[in-house]
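S.K.: This is the structure I have questions about; it appears just below.
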Amino acid sequence: DAAHGAQCVAGLVYVYDQGTRELPKRLAHAYQNQHDLSVATMRVALDHETCMEVAVLKGVTAEVERFAERVIAERGVRHGRVVVIPAEIETERHAHGDRRAHTHQHIKVR
């Protein structure tokens, strides 16, 4: 929440070599260990050895940046970039139409 520091939404884009020993497993573990930061990930095979991954992240800016740097620093990851956009992440409870109220997050870009 905002009391823990500045928040953001971010795009992490990187290219990696699937043949690098244990890299797909290491990346999967990194995302599992920080699942609260991950909104969505898309993976595209560029050729038989190389993938591009695009991840949408959210959370406390320092944590998002630390996670992105960790992913980019993995052996076998190339051309990694992260774009951090300042935002406020608000948890709200409300109903849409005639459905029951539920809690979810809204990300408001400043």
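S.K.: Pick from V83, V54: which is open to solvent by 80 Å² or more (accessible area, probe 1.4 Å) and either farther than 20 Å from R21 by Cα or among the aliphatic types (A, V, I, L, M) (or both)?
M.R.: Values: V54 fails: open to solvent by 80 Å² or more (accessible area, probe 1.4 Å).
Just one listed residue meets the conditions, V83.
S.K.: For the stretch 12-110, give me every one of the strands (runs of 3 or more DSSP E) that falls completely inside it and has 1 or more residues that are under 14 Å from the mean Cα position of the chain (by Cα) and acidic (D, E). Lay out the reasoning, then the answer.
M.R.: Working: elements: 38-45, 50-60, 77-94, 102-109.
Correct list: 50-60.
S.K.: A follow-up question, please. Report yes if some residue within the stretch 34-55 is at positive phi and at pLDDT below 95; otherwise report no. Full working, then the answer.
M.R.: Just the residues of the stretch 34-55 that are at positive phi, to begin with: none.
There is no residue in the stretch 34-55 that is at positive phi and at pLDDT below 95.
S.K.: How many residues does the stretch 7-33 hold that are in contact with an Asp or Glu (Cβ under 9 Å, 6 or more places away or on another chain), open to solvent by 60 Å² or more (accessible area, probe 1.4 Å) and modelled with pLDDT of 90 or more? So that I can check it myself, show each step before the final result.
M.R.: Just the residues of the stretch 7-33 that are in contact with an Asp or Glu (Cβ under 9 Å, 6 or more places away or on another chain), to begin with: 7-8, 10, 12-20, 23, 26-27, 30.
Those still in the list that are open to solvent by 60 Å² or more (accessible area, probe 1.4 Å) too: 18-19, 26.
Checking which are modelled with pLDDT of 90 or more leaves us with 26.
Residues meeting the conditions: 1.
The values are calculated or read from the model by the stated rules, or taken from the named source; none is laboratory data. What you see is a predicted model, and the numbers here were worked out from it, not measured in a lab. Positions of Cβ are backbone-derived with ideal geometry, glycine not excepted, and every protein chain shown enters the neighbour counts. Accessible surface areas use protein heavy atoms only, side chains included; no ligands, DNA or RNA. Shrake-Rupley method; radii C 1.70, N 1.55, O 1.52, S 1.80 Å.
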